Amino acid sequence: MLTRLLGGRVPDPTNGDLSATILVLVLSLFIGTVLWARSRSNSSIPIVNDYRGDLNRVKAKQEFLYNAQGLLDRGIKAYPDRPFRIITAFSDRVFLPYAWIDWIRKHPDLDHQAAVAQDFFGDYPGFEAIGAFNDPNHFVVDLVKKRMSQITQSMLDTFDTHASSFLDRSFGASASFHDVSWHDVSWGTLCFKMTASVASAVFSGPTLAQDEEWQTLITLHTTSIFNAARALRSWRAYLRPIVHWFLPDCRACRAQLAQTRHKLISYQLKEEDANSVLAWTKDNQSPDAAVVQLALAAGAIHTSSQLLQQVVLDLALASSRRPEVIWDLRKELSTVLGESNGKLVPASLAKLNFLDCCIKESQRLKPQTLNNLERVALRNVTMPDGQSIPRGTQVAVASSPMWSADIWGADAEKWNPYRYLGSNSEQRHYAFGMGRFICPGRFFVAAEIKVVLVRMIMGFHMRIKPEQLTERRQCWETWLGRVEGIWF
Ligand code: HEM
């Protein structure tokens with residue numbers, strides 16, 4: 001094979017380094033060309049970041065890493081009602097028009113779980129927490145759908161105990177409303193720690209939720225998986241099955257999984273853990289309790305924390321600019337809590353309608369990701385416009401229609417929780433996805449965040465620091481990026 005590629009000349013065996021280098025160069029060129037040709041083969045769908053001479057898509061991928069939102073905006077502007085492609089850091093991805101959302105959510109051959117496993121290397125050792133979402137037995141997905149979606153009193157009490165003790169530790173204990181003695185906090189960090197502690201109190205039980213080493217392990221693992229996936233993506237696909245054994249981030253993932261297993265083997269379940277997921281899975285036919293814990297942490301902690309972060313920032317801004325929002329919230333909370341002796345019960349959650357509107361509105365303007373409804377075609381699929389995409393094609397829908405004036409009206413970019421009162425937004429708001437893969441954890445998140453927010457709204461004044469009040473609330477990432485400090 002090598003002889004043929006080098007034009008029939010047999011390399012000098014004494015010059016080992018040179019021939020190895022030539023071999024690598026020729027193979028890379030050959031495979032690069034095949035990949036390049038393949039990525040251009042789907043030619044009827046235009047590519048937004050296709051540049052002349054960008055043979056290995058280096059420029060395209062760089063642009064995606066630094067300006068994904070700009071690329072999506074360019075694509076939507078150039079091809080408003082047509083699919084277009086973007087070369088991403090993951091692969092070549094087809095973005096489908098928002099108008100096809102109903103078709104996507106119902107299509108039986110467009111699969112979400114396989115898309116996640118593909119993007120995040122769910123088959124590699126150390127990435128089991130990702131692989132768990134694509135497990136053919138659906139253990140984790142069923143666990144979330146069947147057991148964690150039923151919000152019980154015990155869950156609400158656990159959320160509340162952990163949220164209030166975290167807030168007491170951070171701002172001082174108070175039986176009622178906290179006096180205004182402003183604390184200038186880095187809200188991002190605080191919120192992440194609080195969400196991790198509150199969620200893991202249900203996932204792994206109260207003892208492990210207070211254990212610093214456990215908290216670090218489960219939260220760090222998600223970050224390590226993202227870093228490891230990014231490192232792996234920078235290698236050619238055919239080299240990944242070898243290099244993953246050596247890449248430091250991949251090794252960190254494997255070590256963390258081993259550490260989590262080790263910690264759980266020696267952990268004796270306590271009476272107070274009885275209602276935790278750990279207790280259900282340790283004595284159930286769970287494939288691996290450590291993988292379940294890491295999978296839940298990966299799916300739940302960063303996502304919920306980012307949502308809570310944004311809602312509190314929006315409420316803090318509203319308290320200066322639209323104080324009626326805070327008055328209306330406090331009125332609603334007092335009424336609902338008054339009906340159940342000052343305590344949140346599962347039936348209270350559905351009655352917190354205006355709080356729900358505030359959460360929804362923050363999530364609309366700052367969803368978790370720039371695209372949603374990520375799917376992979378399990379076989380060749382014919383799209384609504386008659387074009388076909390081959391098996392294995394990755395598709396998604398941009399998130400930006402969630403703040404488009406065409407869909408939401410002239411004030412689409414404004415944070416206005418009142419817009420949901422009396423209107424149905426289901427089809428237009430897809431931050432939790434749609435169809436059969438819609439996030440099954442959404443009831444859990446809603447309950448968790450509502451419990452924390454009830455504590456915060458009824459116990460604290462929240463303000464954006466005055467010098468940052470000049471910042472405009474913008475869609476997607478910019479506002480959160482700039483306003484970190486917050487006064488409590
Ligand atoms: C604000 C927090 C969260 C956001 C924004 C979020 C978002 C999403 C999205 C967009 C999907 C894919 C849906 C689709 O493509 O149609 C998804 C799937 C999923 N989420 Fe969440 N999620 C959140 C919290 C959680 C939590 C707390 C859990 C677990 C307790 C969870 C468990 C899952 C699972 C198991 C899936 C896979 C569902 C399937 O493949 O059928 N998520 N989530």
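Here is how the numbers come out for the structure above:
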quantity: Dimensionless Rg/Rh of segment 87-232 - Kirkwood Rh, Rg from C-alpha atoms; calculated: 1.06
quantity: Nearest-0.05 FRET efficiency for SER154 and LYS465, computed from C-beta distance (R0 35 Å); calculated: 0.35
quantity: Directionally averaged projected area (convex hull, Cα atoms, segment 238-294), nm²; calculated: 4.9 nm²
quantity: Sites matching trypsin sites (Lys or Arg not before Pro) across segment 271-372 that sit in DSSP coil, with at most 14 neighbouring C-beta atoms within 10 Å; calculated: LYS343
quantity: Length added when fully stretched, ASP211-SER44, from 0.36 nm per residue minus Cα-Cα; calculated: 54.7 nm
quantity: Two-site label geometry, HIS183 and GLN62: point separation in nm, points 7 Å out along Cα→Cβ; calculated: 4.5 nm
quantity: Separation of alpha-carbon centers, segment 356-410 and segment 284-317, rounded to whole Å; calculated: 22 Å
quantity: Sites PHE171 and THR382, calculated FRET efficiency, Cβ-Cβ separation with R0 56 Å, nearest 0.05; calculated: 0.45
quantity: Sites GLN259 and ARG442 - FRET efficiency at Förster radius 41 Å, r taken between beta-carbons, to 0.05; calculated: 0.85
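Only the coordinates and a few stated rules stand behind these numbers; no lab work does. As the structure is a computational prediction, the values presented were derived from the model and not from experiment. Glycine also receives a Cβ, built like all others from the backbone with ideal geometry; neighbour counts cover every protein chain displayed.
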